[in-house]
Amino acid sequence: LGPQMTECDYLVVGAGASGMCFIDTLLLHTAESVSVVLLDRRAQPGGHWCDSYPYVTLHQAACNYGVESRALETGVQHPELLASRTEILAYYGDVLKGWLAKGHCVRFIGGASYDFDAKVYVDSEGAQIAIKASKVVDARYMENDLPVHVPPKFTFNPEDINVIPPNELPSHIGRTAACNYVVIGAGKTGQDAVLYLREMLKVPAECIVWVMPTDPWITARDPPSPLRQITCMEFISSALEAHAIAGSPPDAAATSEFLQRGFQQLELEGKMYRIDPSVTPTKFMDATLNRRELEVLRACTPCILRGHGRVTSIGLNGELTFADGAVVPLPWANEDVMVSTTFVHCTAGAFNFSSSASEARRSIFSVERITVQEIFQFPGFCFNGAVIAWLECQRGLSLAQKNALCEQPPASRQATPLPLGPVAGDVGPLHDGHPLLVSLRNLRRWYKTPGMGEWLHSLRLFSLFMNGYSLDEGKALATRNHEALVAAGITADHQL
């Protein structure tokens, strides 16, 4: 028998936050009825939430996450609206059911892998099925890397060294007595792992070593505005204010000085944290903490290993070899040290996007394909999918015009691959291709696109709308930021 055939208007590959958002906005704003096939290798919608560690929660308020047409926060129990993994997966299941209940022609196919070149997918039973789609939407291009799927780059002997992803920590409940833990990685996953060890497993701080290759700036999530998250446009404004207070030093943006002053200004306002007040962070990945969580992590400060970069290997006795050549033994003296020590791998780098890292960079819009990518900074995953779908629905715009409204940050400037893999989130110079400035230029373009500003300021996923900005206030902020950056000589006066 020959391969089966499926036909649709849109084939969306990837049922995570970006893919679900794209479909929802497409169905809301397209002028005609469309058929959609949604493919994912997982059995249900939800993307990386299907595979995340069970104690993970959203790091931002649920009122700013999900899809355009359906509130997430109504089904969330957490007082700060930090949706749990279970709540988010239930939400995406309800979103899919809601589309069908409204009569939309959407078919979800789980457990399937798609071959973009052959235009076929292999279903959960191994059958190869061809798909004829007017457009393919690649919504897995920016799929998060998770420790459960991406192995550590450091070397170790698995027969002697117990390395686990954070997903396995709940299995340690009730058996942590006389157990030591080494958490490798300081991003959101590493922070969550240390909090889980301290609060749920009740592991004493002295039984934890936390390897922190770089210190992160962390968004504060506290009263009086725990549901109000700092946005990229507000960050630019704060950095400009701090720059002016410092006397507008020339060439500040040529180093990390300009952005660092922005973080320090927000720290003074209680909107940004660092784990160790004596150390200047060099990374920002938009993780969030409240004051209580921060103090739990700060209690582990004596156990933090920093200053040596990333771990390259773990020796037979648990000693850690670092990128700078340093070899650091574990602090606890125990004859059975390796039997009782668990290393928690939190080094996948969520925003390294290894599933597409080897692929050529492509435009967002082409004749047969739409590739969902970052065109606006934090918070942005859901928002980016919605914006790209809204532009797809504007039939009066050509492909060239749509792509002009979707400038992307340039590809990494890294000349040769790093031996331990790529890194993301470094606080460095503010060059013209920096994602913050790309976001600002895109926003100014969107405000000049008929109807788009009005839509943005009705969209629950748009950062300025969620923080209470009216359309006029949003436009004014974007204009002030642009004019101040030009006056400071940080960016050119782009004619948009």
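The values are calculated or read from the model by the stated rules, or taken from the named source; none is laboratory data. Just so we're clear, the structure is a prediction, and the values are computed from it rather than from any experiment. Note that each Cβ is placed from the backbone with ideal geometry, even for glycine, and that neighbours are counted across all protein chains shown.
So the values come out like this:
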quantity	calculated
Answer from K202, K188 - the residue that is basic (K, R) and farther than 30 Å from N384 by Cβ	K202
Strands (runs of 3 or more DSSP E) wholly inside segment 54-171 that include at least 2 residues being within 22 Å of P379 (Cβ to Cβ)	128-138
Residue among S69, S18 that is assigned by TED's automatic domain parsing to the domain that holds V137 and crowded, with 23+ Cβ neighbours inside 10 Å	S18
Test: L477 is among the hydrophobic types (A, V, I, L, M, F, W, C), at pLDDT 95 or above and closer than 25 Å to L72 by Cβ	no
Count - residues of segment 152-177 that are closer than 24 Å to C50 by Cα, within 26 Å of the chain's Cα centre (by Cα) and touching a residue at least 40 places away in the same chain (Cβ under 8 Å)	9
In segment 101-149, the residues that are free of Cβ contacts under 8 Å to residues at least 60 places away in the same chain and surrounded by 14 or more Cβ atoms within 10 Å (Cβ to Cβ)	K119, V122, D123
Residue match in segment 79-86 (condition: under 17 Å from D24 (Cα atoms) and modelled with pLDDT of 90 or more)	no
Residue match in segment 21-33 (condition: crowded, with 24+ Cβ neighbours inside 10 Å, in contact with a Pro (Cβ under 9 Å, 6 or more places away or on another chain), among the aliphatic types (A, V, I, L, M) and under 16 Å from L100 (Cα atoms))	no
Lone qualifier among I218, I184 - being more than 18 Å from L320 (Cβ to Cβ), hydrophobic (A, V, I, L, M, F, W, C), assigned by TED's automatic domain parsing to the domain that holds R306 and touching a residue at least 40 places away in the same chain (Cβ under 8 Å)	I218
Among the candidates T342, T321, residue that is part of a strand (DSSP E or B), at pLDDT 90 or above, of a type in the set (S, T, Y) and within 15 Å of G185 (Cβ to Cβ)	T342
Test result for A488, touching a helix residue (DSSP H, G or I) at 6+ places or on another chain (Cβ under 7 Å), more than 19 Å from F378 (Cβ to Cβ) and not assigned by TED's automatic domain parsing to the domain that holds F376	yes
Any hit, segment 208-218, residues being among the polar types (S, T, N, Q), surrounded by 22 or more Cβ atoms within 10 Å (Cβ to Cβ) and within 23 Å of T347 (Cβ to Cβ)	no
Matching entry among G433, G474, G468, G451 (being closer than 19 Å to A252 by Cβ and not basic (K, R))	G433
Condition check for R85: in contact with a Leu (Cβ under 8 Å, 6 or more places away or on another chain), of a type outside the set (A, V, I, L, M, F, W, C) and touching a residue at least 12 places away in the same chain (Cβ under 8 Å)	no
Test: V137 is within 21 Å of R361 (Cα to Cα) and at pLDDT 90 or above	yes
In segment 260-294, the residues that are more than 21 Å from R221 (Cβ to Cβ) and not β-branched (V, I, T)	Q260, R261, S278
Flag for T6 being in a helix (DSSP H, G or I), over 19 Å from A386 (Cα atoms) and modelled with pLDDT under 95	no
Hits in segment 248-285 (condition: loosely packed, with under 15 Cβ neighbours inside 10 Å and of a type in the set (S, T, N, Q))	S248, T255, S278, T280
Residues of segment 245-286 satisfying the condition of being in a strand (DSSP E or B), in contact (Cβ under 8 Å) with a residue 60 or more places away in the chain and closer than 17 Å to W210 by Cα	K283
Restricting segment 219-237 to residues that are surrounded by fewer than 23 Cβ atoms within 10 Å (Cβ to Cβ) and out of contact with any Ser or Thr (no Cβ under 9 Å at 6 or more places or on another chain), the residue that is modelled with the highest pLDDT	S237
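Rundown of residues vs (1) touching a Lys or Arg at 6+ places or on another chain (Cβ under 7 Å); (2) more than 30 Å from D145 (Cβ to Cβ), yes/no style:
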residue	(1), (2)
K188	no, no
L197	no, no
D215	yes, no
A239	yes, no
P250	no, yes
S256	no, no
D276	no, no
R291	no, no
